[in-house]
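Worksheet: one structure, shown below.
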Amino acid sequence: MKIKKIITKTYYRRTPEHDWLKYFRVVRFWIREAYGIRYAELEMLLFLYGENLFTRRDFDKFEKLMGWNVERFNNLVTDGWVIKWRTRHARTESDLYTLSFKAKRIMNAFYKKLSGDDIISENPRKNPIFKKNASTQHKAYRGMILEMNESIRQRQRLVQE
């Protein structure tokens, strides 16, 4: 009787140093559901978060990359995401805007969750994704949120040891 030799290859993969965008889609969906903001507005807020003070012209430059929506700026102001910081007093000045406290708080939470410093709440009162009567899409994201939270907890345990 002839014996077959099975040769297996061992593959080594180096773990990436930075993988915080791994759960970008999950965190983005959570922000949308928790705060009722559309993806286009969220992307605009992410851009404006690093700008500190900006003019309407700065806003329009980035908006050219997005889908056409004439009312986007006015909607952000009306919904309380953007506030006027300075009113124009002379012809040489422009109105200056900044993100509201609410918008800055949400952007800060977004970055904390992506970097793994914070977990997404699993409380149904705080998070609509964890309600009992959630849709199928919410249930799919719920599973990924639980996996993401467990991954963050394990990473935090390793750091503490």
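Bear in mind these aren't lab numbers, they're just calculated from the coordinates by the rules spelled out. Please read all numbers here as calculations on a predicted model, not as lab measurements. Here the Cβ is made from the backbone with ideal geometry for all residues, glycine too, and neighbour counts use every protein chain on show.
Considering only 40, 109, 90, give the residue with the highest GNM mean-square fluctuation for the chain, with springs between Cα atoms whenever their separation is below 10 Å.
Largest GNM mean-square fluctuation: 90.
Which FRET efficiency value, to the nearest 0.05, is calculated for residue 112 and residue 4 with the Förster distance at 41 angstrom and r the Cβ-Cβ distance?
Calculated transfer efficiency: 0.15.
Could you tally the net charge around residue 24, taking each other residue with its Cβ under 12 Å from the Cβ of residue 24, Lys/Arg +1 and Asp/Glu -1?
+2
Run the paramagnetic zone check for residue 56: 7 angstrom along Cα to Cβ, then residues of region 86-107 with backbone nitrogen under 16 Å.
86-98
In terms of the Cα gyration tensor, with a ≥ b ≥ c the square roots of its eigenvalues, is region 114-159 rounded because a/c is under 1.5, prolate because a/b exceeds b/c, or oblate?
prolate
By how many nm would the segment from residue 85 to residue 33 grow when fully extended, if each residue of separation counts as 0.36 nm and the alpha-carbon distance is taken off?
This chain segment gains 15.9 nm when fully extended.
With the cut-off at 24 Å, report for region 24-152 the share of all Cα pairs above it, as a whole percent.
Summing the P(r) tail past 24 Å for region 24-152 gives 37 percent.
Does a label point 7 Å from the Cα of residue 71, set along Cα-to-beta-carbon, have any residues of region 78-119 with amide nitrogen under 18 Å, and which are they?
Label zone hits: 78-82.
On a 0 to 90° scale, report how tilted helix 101-115 is relative to the longest principal axis of the chain, with both axes built from alpha carbons and the result rounded to the nearest 10.
Between helix and principal axis, roughly 20 degrees.
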